[in-house]
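Asks: There's a structure below that I have some questions on.
Rule-based calculations on the coordinates, nothing more; no lab input. Values in this document were obtained by computation on a predicted structure and should not be read as measured data. Here the Cβ positions follow ideal geometry from the backbone for every residue, glycine too, while neighbour counts run over all protein chains shown.
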């Protein structure tokens, strides 16, 4: 029997700038009597990272440009929020009657440049962490040193998808495991060699953790995914989320 387990850390408090994330995680693990094992993958909500890193913005301080005001009218959004969205974007991909899809500075294509208005104090918004891979790597190395285990860390966000309704958890930062698992050359059930199969394993793990994280007042910003049967195959000391970003020249929809 293959058994993958999801463990939500329920005792992580509301965080603020410069809180010690490692200490918060270790304290929660002790309080909840969790034994950390080789192969555990920590999935952490990006809002938690942004708040600790001080990466949040007070909308009252934002002065919208004419372009922001114009786009705000089209999308029925706050002009100050629209200014933040544009500041976090490389490119505007699509503008609709109630949405704007952008390419973020990281290269992700998503609504509102990934700006989060939920789970943050009134009047504030949180952009994505400035370097999610670095944030994931820093925490993983510290956790591995403390627990003496091989671990993975994923920074997750909730995003929509171009051709399906609803949001799912996706990875925006990754350390300790590959973000894209290349299975070319393996055999299928009938012995045929896989020619093009690549698995967005970091996204799959982020989506599984989202089942516990939720989107409202669940209060579970960190989930440990345990017993992934292929941890050894996906283990990597030099992983990056960049593997999941489709190069623009191969993007058939832009």
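Asks: Quick one: compute the contact order of the range 57-124, relative version, from alpha carbon pairs under 8 angstrom and 6+ residues apart, as a percent.
Replies: On the way: 102 pairs, mean separation 17.5, N = 68.
Normalised by residue count, the contact order of the range 57-124 is 26 percent.
Asks: Taking 0.36 nm per intervening residue step and subtracting the Cα-Cα distance, what contour gain separates residue 98 from residue 60 on full extension?
Replies: Computed gain between residue 98 and residue 60 is 11.5 nm.
Asks: Taking the Cα-to-Cβ direction at residue 161 and at residue 70 and moving 7 Å from each Cα, how far apart do the two end points lie in nm?
Replies: The two pseudo-label positions are separated by 3.5 nm.
Asks: Oh, and also: Please compute the length gained on full extension between residue 30 and residue 200, using 0.36 nm multiplied by the number of residues separating them and subtracting their Cα-Cα distance.
Replies: 58.0 nm
Asks: Once the principal axes of the Cα atoms of the range 114-237 are found, what is the range along each, listed largest first in whole angstroms?
Replies: 57, 42, 25
Asks: Would you indicate which of (1) 54, 42, 38; (2) 57, 48, 28; (3) 60, 40, 31 is the value of Cα extents along the principal axes in Å derived from the coordinates of this structure?
Replies: Read-out from the structure maps to (2).
Asks: In addition: Using Cα atoms only, what is the angle between the long axis of helix 21-31 and the major principal axis of the chain, expressed in degrees (0 to 90) to the nearest 10?
Replies: 50 degrees
Asks: Right, here's the next one. Once you place label points 7 Å from the Cα toward the Cβ at residue 227 and residue 146, how far apart are they in nm?
Replies: Output for this residue pair reads 2.5 nm.
Asks: Rounded to the nearest 10 degrees, what's the angle between the helix 132-147 long axis and the longest principal axis of the chain, both from Cα atoms, 0 to 90?
Replies: For helix 132-147, the angle is close to 30 degrees.
Asks: Per DSSP helix of 4 or more residues, -39500 (n - 2.57); summed, then divided by the residues of the chain. What does that give at 222 nm, rounded to the nearest 500? Don't skip to the end; give the middle numbers.
Replies: Numbers: 7 runs with 70 residues, N = 254.
Rounded to the nearest 500, the figure is -8000 deg cm²/dmol.
Asks: Additional query: To test your reading of the geometry: what angle, between 0 and 90 degrees and rounded to tens, separates the Cα axis of helix 201-213 from the longest principal axis of the chain?
Replies: It works out to around 80 degrees.
Asks: By its C-alpha gyration tensor, with a ≥ b ≥ c as the square roots of the eigenvalues, how is the range 14-85 shaped: rounded for a/c under 1.5, else prolate for a/b larger than b/c, else oblate?
Replies: Working: a/c = 4.73, a/b = 2.86, b/c = 1.65.
Since a/c reaches 1.5 and a/b is larger than b/c, the shape of the range 14-85 is classed as prolate.
Asks: Please compute the modelled spin-label separation between residue 3 and residue 130, points set 7 Å along Cα→Cβ, answer in nm with one decimal.
Replies: Inter-label distance under the simple model: 4.4 nm.
Asks: After finding the eigenvalues of the alpha carbon gyration tensor for the range 57-124, what semi-axes result from the square roots of 5 times each, listed largest first in whole Å?
Replies: Output for the range 57-124: semi-axes of 17, 15, 11 Å.
Asks: Continuing with the same structure: Determine how many Å³ per residue the convex hull of the Cα atoms of the range 3-138 encloses.
Replies: 136 Å³
Asks: Then there's this: At a 10 Å Cβ-Cβ cut-off, how would you order 20, 122, fewest neighbours first? Mind showing how you got there, number by number?
Replies: Working: 20 12, 122 6.
Listing 20, 122 from fewest to most nearby Cβ atoms yields 122, 20.
Asks: For the range 95-184, what relative contact order do you get, as a whole percent, if you take Cα pairs closer than 8 Å and at least 6 residues apart?
Replies: Numbers: 116 pairs, mean separation 18.7, N = 90.
About 21 percent, as a whole number.
Asks: Could you tell me the center-to-center distance, by alpha carbons, between the range 111-154 and the range 1-41 in angstrom?
Replies: 14 Å
Asks: Moving on. Give me the percent relative contact order of the chain, please, defined on Cα pairs under 8 angstrom at least 6 residues apart.
Replies: On the way: 480 pairs, mean separation 61.9, N = 254.
That works out to 24 percent.
Asks: Let me ask something else. Only bridges with both residues in the chain count here: give the DSSP antiparallel percent, nearest 5.
Replies: 85 percent
Asks: Taking a ≥ b ≥ c as the square roots of the eigenvalues of the Cα gyration tensor of the range 56-197, is the shape rounded (a/c under 1.5), prolate (a/b larger than b/c) or oblate?
Replies: Here the range 56-197 falls in the oblate category.
Asks: Using Cβ contacts closer than 10 Å as the measure, can you line up 134, 213 from fewest to most? Don't skip to the answer; put the middle values down first.
Replies: Numbers: 134 13, 213 21.
Lowest to highest Cβ neighbour count: 134, 213.
Asks: Subtracting the Cα-Cα distance from 0.36 nm times the residue separation, let me have the gained length for residue 189 to residue 251 in nm, one decimal.
Replies: 19.2 nm
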